[in-house]
Amino acid sequence: MLVARCSVLTPRERKGQATEAQDSPAQPNTGPAPKEPHPDRCTDEPCAVPTRLDRSGYLLLSRLDAEGAMSIGQLADAFQLDVSTVNRQTGALLRAGLVERIPDPDGGLARKLRITPQGADRMAAERTCRQTDLSRLLESWPSEEVARLEDVLTRFNREVERQEGRVWPREPGEA
C-alpha cells in the first residue's frame, strides 16, 4: 500500500470530476497559464483522469483478473475486509460495467463476480499509469537502489503472508 501512495488521486479526481481545463470548451487563452501537472501524476493518454480507478477498484479488478470469478465472501476473505465493505466497493464496479455477476461455475449457490472486457481494459490502463507513476518516482534512483527496494518489498510481502499462514507466491487457483 505504501507504493500506491505515489499515485493517490485528488478529491476531485476521486469523484470523477474533470479538471477545469477539461470541463470548459476550447477558448482563447486570456487568463493565467494553466497549472503544470504534478510531476508524480501520470498525464499520458492512457492515464487521463476519466480512466483512473480508485485504489479499491483497482485492487478488486486485479484480484478478479488474477484469480477468476470470486464471490463477495471470497473477496472479503482475500482482502481481510468486512463483507459490507466489499459489497459497496463491488457495487460501484458493477454499476460502471467493470464487473458482472455470474452463476458459480462450480455449481455453488452464491453468485460470483467476474471482470468484464471493459473492466480488464480499464485495469490494464490503470496498471500502465501506476507503473509510469512509479517509474517517474524512481527515475533518479541508481539501479542498485531500485533492485534493493524490490528485494526488500518482496521479502516484506512474503513475511506478511507467511505470518498470516498464506504461502506467497500462491499456487495457481489459490485465493
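The values are calculated or read from the model by the stated rules, or taken from the named source; none is laboratory data. All values derive from a computational prediction rather than experimental measurement. Heads up, the Cβs are rebuilt from the backbone with ideal geometry, glycines too, and the neighbour counts pull from every protein chain shown. Areas reflect the complete protein model, heavy atoms only, side chains present, ligands, DNA and RNA absent. Shrake-Rupley method; radii C 1.70, N 1.55, O 1.52, S 1.80 Å.
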* **Leading residue by the ranking (nearest to L94 (Cα to Cα)) among those in region 107-124 that are surrounded by fewer than 18 Cβ atoms within 10 Å (Cβ to Cβ) and touching a residue at least 40 places away in the same chain (Cβ under 8 Å)** => R114
* **Test: P50 is loosely packed, with under 14 Cβ neighbours inside 10 Å, at pLDDT below 85 and closer than 21 Å to P117 by Cα** => yes
* Structure fact -> Scanning region 53-79 for residues that are in contact (Cβ under 8 Å) with a residue 60 or more places away in the chain and farther than 17 Å from T116 by Cβ, the one nearest to the chain's Cα centre (by Cα) turns out to be A78
* Residue pairs meeting the criteria (Cβ under 7 Å; at least 6 apart or on separate chains; first in contact (Cβ under 8 Å) with a residue 24 or more places away in the chain and under 20 Å from R52 (Cβ atoms), in region 132-143; second open to solvent by 60 Å² or more (accessible area, probe 1.4 Å) and not in a loop (DSSP other than H, G, I, E, B)) -> L134/V3
* Check off (1) within 25 Å of G165 (Cα to Cα); (2) surrounded by fewer than 18 Cβ atoms within 10 Å (Cβ to Cβ); (3) more than 15 Å from the chain's Cα centre (by Cα) for R148 and give me the number that stays unchecked. => (1)
* Counted residues, region 69-102 - those being open to solvent by less than 90 Å² (accessible area, probe 1.4 Å), over 29 Å from E164 (Cα atoms) and not small (G, A, S) -> 4
